[in-house]
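Okay, so here's the structure we're looking at.
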Amino acid sequence: MARRVLHDEYFKKAKADGYAARSAYKLLEIQKRHRLLREGDRVLDIGCAPGSWMQVTSEIIGDAGRIVGVDLKPVRLALAPNVTTVVGDIEQTDPQELFDIAGGAFDVVLSDMAPNTSGHGDDLVSARLCREVLAVAMKTLREGGKLAMKILEGSEYPAVLSETKAVFRVAKGLKPKATRDASREMFIIAEGFRSPGLDS
Ligand SMILES: C[S@@+](CC[C@H](N)C(=O)[O-])C[C@H]1O[C@@H](n2cnc3c(N)ncnc32)[C@H](O)[C@@H]1O
């Protein structure tokens with residue numbers, strides 16, 4: 001019951017604050033704790049619809065920054081001129097296309113992708129999507145860049161966290177307050193991307 005109240009509170013707050021979804025508060029908390037985004041950043045937002053993370057990101061990076069969003073669904077929000085969205089499946093998208101739209105390597109890769117919940121094996125699909133995010137990050141993130149990606153906790157979570165640690169200086173799990181307690185949703189936050197092939 002208390003969880004449902006919290007969920008509804010964030011839902012109402014998002015409406016009042018003009019955000020497209022209550023997910024906005026998860027990114028705001030991640031930003032408060034980790035300062036991932038900075039003014040002028042180039043940001044890739046994977047699983048960007050309906051668009052609240054792009055709204056939060058826009059406020060932080062300002063006009064000098066750039067956002068490229070990708071989602072299976074179109075984004076219906078009015079977006080700033082420095083935001084471009086691509087409709088498509090990230091597993092079928094050429095990372096070079098995203099790099100080219102941004103005009104260079106990304107400073108930050110975000111992913112709030114969630115599989116369609118089926119009740120069984122969702123955590124495995126989520127882990128597969130995270131591995132895809134890591135593969136895209138390897139091709140598009142700048143040296144020293146940052147990452148925040150959603151994962152449903154399950155048997156693959158420790159392996160995905162170690163795979164993230166292998167290519168970033170630091171990586172850890174975070175469960176934002178705006179995430180419902182009963183949910184297995186976590187975020188892996190990583191900083192200090194080390195491009196494969198460079199000496200550490
Ligand atoms: C929780 S929503 C994201 C909310 C968004 N961060 C916001 O703040 O508005 C998850 C999104 O992931 C997208 N998604 C799931 N699988 C995807 C895939 N393979 N490629 C691209 N987007 C995907 C869904 O279409 C959905 O819009």
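Coordinate-derived values only; no laboratory data. Small disclaimer: the values here were computed from a predicted structure and weren't measured. Cβ placement follows ideal geometry from the backbone for every residue including glycine, while neighbour counts extend to all protein chains displayed.
Got the relative contact order for the chain handy, in percent, Cα pairs under 8 Å and 6 or more residues apart? For the chain, the relative contact order is 18 percent. Annotation: for a label point projected 7 angstrom from Cα along Cα→Cβ of residue 89, residues of the range 121-147 with backbone N closer than 13 Å are 129.
Centre-to-centre, using Cα atoms only, the range 18-91 and the range 94-137 are separated by 14 Å.
Would you mind getting me the FRET efficiency between residue 175 and residue 96? Use the beta-carbon distance for r and R0 = 45 Å, nearest 0.05.
Values: r = 34 Å, r/R0 = 0.75.
The computed FRET efficiency comes out at 0.85.
Order of 58, 155, 126 from fewest to most other C-beta atoms within 10 Å? Kindly include the intermediate steps, with their values, before the conclusion.
On the way: 58 19, 155 9, 126 26.
Placing the least packed residue first, the sequence is 155, 58, 126.
Averaged over residues, the count of other Cβ atoms within 10 Å places the peptides 23-34, 75-86 in the sequence 23-34, 75-86, highest first. In this structure, the amide hydrogen of residue 141, modeled 1.01 Å from its nitrogen in the peptide plane, lies closer than 5 angstrom to those of 106, counting only residues at least 5 positions away or on a different chain.
The helix-only estimate of mean residue ellipticity at 222 nm for the chain, built from DSSP H runs of length n ≥ 4 each weighted as -39500 (n - 2.57), is -12000 deg cm²/dmol after division by the residue total.
Can you put 128, 66 in order, fewest other beta carbons within 10 Å first? Each step should come with its number before you reach the end.
Numbers: 128 13, 66 20.
Placing the least packed residue first, the sequence is 128, 66.
State the antiparallel share, in %, of DSSP beta bridges confined to the chain, rounding to the nearest 5.
Values: 12 of 31 bridges.
Expressed as a percentage, antiparallel bridges in the chain total about 40.
Working note: Karplus 6.51/-1.76/1.60 with θ = phi - 60° gives the range 150-156 the couplings 7, 9, 8, 5, x, 4, 8 Hz, where Gly and Pro are set to x. For the range 35-44, the Karplus equation 6.51 cos²θ - 1.76 cosθ + 1.60, evaluated at θ = phi - 60°, returns couplings of 6, 5, 9, 9, 4, x, 5, 9, 10, 9 Hz by residue, with Gly and Pro reported as x.
Net charge near residue 71: determine it from the other residues with C-beta under 13 Å of the C-beta of residue 71, scoring Lys and Arg +1 and Asp and Glu -1.
On the way: positive: 73, 76; negative: 45, 89, 91, 112.
Surrounding charge for residue 71 is -2.
Computed over the Cα atoms of the chain, the ratio of the radius of gyration to the Kirkwood radius (Rg/Rh) comes to 0.94.
When the chain is described by a simple charge dipole with +1 on each Lys and Arg Cβ and -1 on each Asp and Glu Cβ, the residue from 99, 109, 18 located farthest towards its positive end is 18.
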